[in-house]
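Since the structure comes first, as structure tokens, the remarks are kept for the end.
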Amino acid sequence: MSLSSQNITANQHLYRALLTQWESTQPPARGFESSVDTASRREDKDVIVAFRTRPPLERELIRFESEKTPASDAESDVSEPVTVENFKAGISVISAEPGVMVAHVPGMKWNGPTLTQKTFEADLAFGPQISNDEIYQRTVQAHDMINLALEGGVSCIMAYGQTGAGKTYTMESLEHLIARDLFPAAEKTSARLLDSTQDARKNEDGATNIFEFSVTFLELLGKTAYDLLEQGYNPDDETSPRKPVDIHEDKAGFVRPRLVETNVTSSEELNSLITNALAHRRVSATARNAQSSRSHAVLTIRAHNTLLPHADDGELILVDLAGSERYDDSKAHSKLLMDQSRENNKSLANLKECVRTRAKSGLEATTFVHIPFRTNKLTLLLKSIFDLESTRLSKTIVIAHMSPHLQDTPHSVNTLSYASPFRVDVPKSRGTPVMNKDDPRTWDHVYTIEFLTKEFEKRSLARAKAGHQAQAKQAALKGKKIRPFDDTIKYPMAIDPVKLCPPPKTGKHLARMYTAEWIEACFKAQIPENLERTSAHDVVKTAAMESYGAFNYLLLTARTKTRNSVMKTRKKAAADEIYGTSARPRAMSLVNCILYSFTSRCISLPCSQR
């Protein structure tokens, strides 16, 4: 049976004894497979799941001690008081990598207290001794989240868990650490791209940063969104004006709320902006946490590449989710707080479904996957990581937080049960995939080179044809004619396909490349003798962008082929149910419909009545 925190506290000396007995039978916990500096990167997974439990706080131990019932006073006198030194956690880390946590769930039977162990798995598990710096290194840095955004992808980091479990503490630290490293990383990427493309701007003003960064900070309180960067708002004044922000898709399919978009040029500016925005976030005192965050906070950092202005902007999205609560923690809420908790739980439930199906979609492209991100404002705001038809690469890290106290273990089980299904194991290789010319992920090296050669020859032919047309116009102005363009000739390519994709690389390797990474590789694979110095930069960049677009179109079509075919079938079935089926063609003008009806009526009449 599920116990309240007071019942658990009243018998905590018995539960601690059971926990000590269990710990004596367990082998030493497994640590991380690699050091912090050489933390492994999982390139095959779109969603990374991590667990974290924090250390106990002195004030919490005092509060739980005071919750003992009078009936247990006699027993509590013989047990030593709980301190940080002799504290027994309700969550144990069995393995750090891969992450394995055990929740010790208190129970009660006719013969006394019981302790049930439930095991949950993740990619990483962080115990109470792990610092925020190490968590940052093993998640954000190890999985290249900053570079993914700088290369045109979407990086998302979410913190989920019970109110008071340490989500905001973790996310604020990660936000400031990202602000610290973002601009140095941008300078390194800029220098690399400028060197590979030999851009002239580097010699003009000595600039080493080709990125422009803009920041928005949104707070989602129930169904209503607010701008945390709005000027003139005082969170301590209830009468202070605050204008809601609409969240919706435009005609082009973009979700860009009308928020204050602030340009930042240094780590100091970004850190200051984050600190000011967090001061505007709505918090309330609850039975579990004196400063409980009642809203979802979404920080979005966009990186615009001025060297490649037509490429998609990269995004860093950091989401500090509102805390989930047990009934015992929320039963004393006011109506307003109860409504907020209800809406938060709805959005978290929908987020769970979206993240789980997104994790599966990255590995099971042959099955139908529907991600209901339009069901809720929160998931609609995160469309860029859930939309399967997006051409941008994305990666999401979910950090689930647990309180270490036995009194909170029932809720910790809910948190672990919520986050654990996000982890999807990479399927084992079943040999060489069946070759499919429409799916770049199945290409071998030979066919990959054939595709790249055709693409680059097509661009060379188009470039030669454009040059011939320009010459023809010049000759016409002088009253002359030139020979017709010969499209049977193979014109020299600007990029060497083999250098772009050297053996044994295949189409699967190209599919993992970011936009800027592809273009950089094309510049390194250019053939100087086939290019004129005055136009070499523009020719290579154009060929790189167009070939990347053609490749990603095939990749996107292959990835969503099953899904789109099922959706088309469903739409047709729904239309037939509403309108019915008819022999008359549907796409008819009004005149054609009248003529069709008249002709059908005449044919059905006897000859004498026509």
task: Please indicate, with yes or no, whether at least one residue in the stretch 60-75 is assigned by TED's automatic domain parsing to the domain that holds Ala142, closer than 26 Å to Ser173 by Cα and at pLDDT 90 or above.
output: no
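Somewhere in the stretch 162-175, is a residue farther than 27 Å from Ser390 by Cα, of a type in the set (Lys, Arg) and in contact with a Leu (Cβ under 8 Å, 6 or more places away or on another chain)?
So in the stretch 162-175, the residues farther than 27 Å from Ser390 by Cα come out as 162-170, 172-173.
Add one more test, that the residue is of a type in the set (Lys, Arg), and what stays is 167.
Checking the rest, the ones that are also in contact with a Leu (Cβ under 8 Å, 6 or more places away or on another chain) come to 167.
Yes; the residues of the stretch 162-175 include at least one that is farther than 27 Å from Ser390 by Cα, of a type in the set (Lys, Arg) and in contact with a Leu (Cβ under 8 Å, 6 or more places away or on another chain).
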query: So which residues in the stretch 522-547 are in a helix (DSSP H, G or I) and of a type in the set (Val, Ile, Thr)?
result: Val539, Val540, Thr542
message: Being aliphatic (A, V, I, L, M), buried (at least 22 other Cβ atoms within 10 Å of the Cβ) and more than 27 Å from Tyr514 (Cβ to Cβ): is that true of Ala125 here?
response: yes
- line: Residue count, the stretch 492-527, condition surrounded by fewer than 18 Cβ atoms within 10 Å (Cβ to Cβ) and touching a strand residue (DSSP E or B) at 6+ places or on another chain (Cβ under 8 Å), comes to 1
statement: His468: passes all of (1) in contact with a helix residue (DSSP H, G or I) (Cβ under 7 Å, 6 or more places away or on another chain); (2) surrounded by 13 or more Cβ atoms within 10 Å (Cβ to Cβ); (3) at pLDDT below 90 but (1)
message: Quick check on my filter: what residues within the stretch 496-516 are within 21 Å of Leu307 (Cβ to Cβ) and part of a loop (DSSP other than H, G, I, E, B)?
response: Met513, Tyr514
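A quick yes/no check of all residues on (1) free of Cβ contacts under 8 Å to residues at least 60 places away in the same chain; (2) not assigned by TED's automatic domain parsing to the domain that holds Gln526:
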residue: Met435; (1), (2): yes, yes
residue: Leu452; (1), (2): no, no
residue: Glu455; (1), (2): no, no
residue: Ala470; (1), (2): yes, no
residue: Thr488; (1), (2): yes, no
residue: Ala494; (1), (2): yes, no
message: Restricting to the stretch 298-334, and then to whatever is crowded, with 17+ Cβ neighbours inside 10 Å and of a type in the set (Gly, Ala, Ser), can you tell me which residue is modelled with the lowest pLDDT?
response: Ser330
field: Filtered residues of the stretch 441-460 (kept if assigned to a helix (DSSP H, G or I) and surrounded by fewer than 17 Cβ atoms within 10 Å (Cβ to Cβ))
entry: His445, Val446, Tyr447, Glu450, Thr453, Lys454, Glu457, Lys458
message: Only one of Ile519, Ile578, Ile603 is β-branched (Val, Ile, Thr), at pLDDT below 90, in contact with a helix residue (DSSP H, G or I) (Cβ under 6 Å, 6 or more places away or on another chain) and part of a helix (DSSP H, G or I). Can you tell me which?
response: Ile519
- request: Report yes if Ala550 is outside any loop (DSSP other than H, G, I, E, B), small (Gly, Ala, Ser), more than 12 Å from Pro440 (Cβ to Cβ) and not assigned by TED's automatic domain parsing to the domain that holds Asp387, otherwise no.
  value: no
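Can you find a residue that is more than 16 Å from the chain's Cα centre (by Cα), of a type outside the set (S, T, N, Q) and at negative phi anywhere in the stretch 138-154? Please lay out each step first, then the result.
Step one: filter the stretch 138-154 for residues more than 16 Å from the chain's Cα centre (by Cα), giving 138.
From what is left, the residues that are of a type outside the set (S, T, N, Q) are 138.
Now drop any that are not at negative phi, which leaves 138.
Within the stretch 138-154 (the criterion being more than 16 Å from the chain's Cα centre (by Cα), of a type outside the set (S, T, N, Q) and at negative phi), the answer is yes, since at least one residue qualifies.
The values are calculated or read from the model by the stated rules, or taken from the named source; none is laboratory data. These figures come from a predicted structure and were not determined experimentally. For neighbour counting, all protein chains shown are included, and Cβ atoms are generated from backbone atoms with ideal geometry for every residue, glycine included.
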